[in-house]
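Participant: Would you mind keeping the following structure in view while I ask a few things?
The values are calculated or read from the model by the stated rules, or taken from the named source; none is laboratory data. Just so we're clear, the structure is a prediction, and the values are computed from it rather than from any experiment. Here the Cβ positions follow ideal geometry from the backbone for every residue, glycine too, while neighbour counts run over all protein chains shown.
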């Protein structure tokens, strides 16, 4: 009986997605006073607003791994998290991403390696928001990602090694800083799938930051002498107004 109860709580704990959440102080810089943006990276359950420890990432980058930004250890939801600042000095579209240390999840018997990306427009320039960075797993927005309203239909394309990835599950969650309550556990993490062209669609029904995680299981990594699969996540965080 105790084993059954324990299994139930473990299942409940992992039923809702944990996201490597990356959000910035703004996704639109229109004034010099807002040009020094802060980027937070944390490993959390976004809707439930509960945290997990995030080990120091390999890096937070601008555009490519050649442009690493300085890391500062912080705390989010009582757990270790990371942050960086970047001062935008000229107009453009800026793409930031985080490369984490793979995290072993014993309850799921797999490694989790999520690479989140955010896109920031500065001083009115909007060109290039749909161009890929060339990451192994990546979501490309099909809708201008920094000018969205709640109720808008968002579409993205999942790329795997630069090619559209079909039939891939994409988990979706709201960064719920509003105290919203879900009608059931099943409503916390939404799930859609990509079509034959790697495209998925989702209507954001509330303002705030939304995380999209395209999950592709590929590769293995050793833990205590045993090999486990790696869940690779292409993540994109966008904000609805």
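Participant: Looking only at the stretch 30-71, count every residue that is under 16 Å from residue 87 (Cβ atoms) and surrounded by fewer than 12 Cβ atoms within 10 Å (Cβ to Cβ) and tell me the total.
Facilitator: Selection size over the stretch 30-71: 4.
Participant: Could you go through the stretch 167-176 and let me know if any residue there is at pLDDT 95 or above, farther than 19 Å from residue 27 by Cα, out of contact with any helix residue (DSSP H, G or I) (no Cβ under 9 Å at 6 or more places or on another chain) and in a loop (DSSP other than H, G, I, E, B).
Facilitator: Within the stretch 167-176, one or more residues are at pLDDT 95 or above, farther than 19 Å from residue 27 by Cα, out of contact with any helix residue (DSSP H, G or I) (no Cβ under 9 Å at 6 or more places or on another chain) and in a loop (DSSP other than H, G, I, E, B).
Participant: Going by the conditions given, is residue 159 touching a strand residue (DSSP E or B) at 6+ places or on another chain (Cβ under 9 Å), at negative phi and part of a loop (DSSP other than H, G, I, E, B)?
Facilitator: Considered against the rule, which asks whether it is touching a strand residue (DSSP E or B) at 6+ places or on another chain (Cβ under 9 Å), at negative phi and part of a loop (DSSP other than H, G, I, E, B), residue 159 comes out as no.
Participant: Take residue 101 and decide whether it is without any contact (Cβ under 8 Å) to a residue 60 or more places away in the chain, under 17 Å from the mean Cα position of the chain (by Cα) and farther than 24 Å from residue 44 by Cβ.
Facilitator: no
Participant: For the stretch 206-241, enumerate the residues that are without any contact (Cβ under 8 Å) to a residue 60 or more places away in the chain, closer than 27 Å to residue 166 by Cβ and either part of a loop (DSSP other than H, G, I, E, B) or within 17 Å of the chain's Cα centre (by Cα) (or both).
Facilitator: Residues satisfying the conditions are 210, 215.
Participant: Follow-up. For residue 213, indicate whether it is under 30 Å from residue 36 (Cβ atoms) and modelled with pLDDT of 95 or more.
Facilitator: yes
Participant: Sticking with this structure for a sec: With the structure loaded, tell me whether residue 138 is under 26 Å from residue 194 (Cα atoms), at pLDDT 95 or above and exposed (fewer than 15 other Cβ atoms within 10 Å of the Cβ) or whether it fails that test.
Facilitator: No; evaluated as a whole, the condition is false for this residue.
Participant: Among the listed residues 132, 145, identify the single one that is surrounded by fewer than 19 Cβ atoms within 10 Å (Cβ to Cβ) and either in contact (Cβ under 8 Å) with a residue 12 or more places away in the chain or not in a strand (DSSP E or B) (or both).
Facilitator: 132
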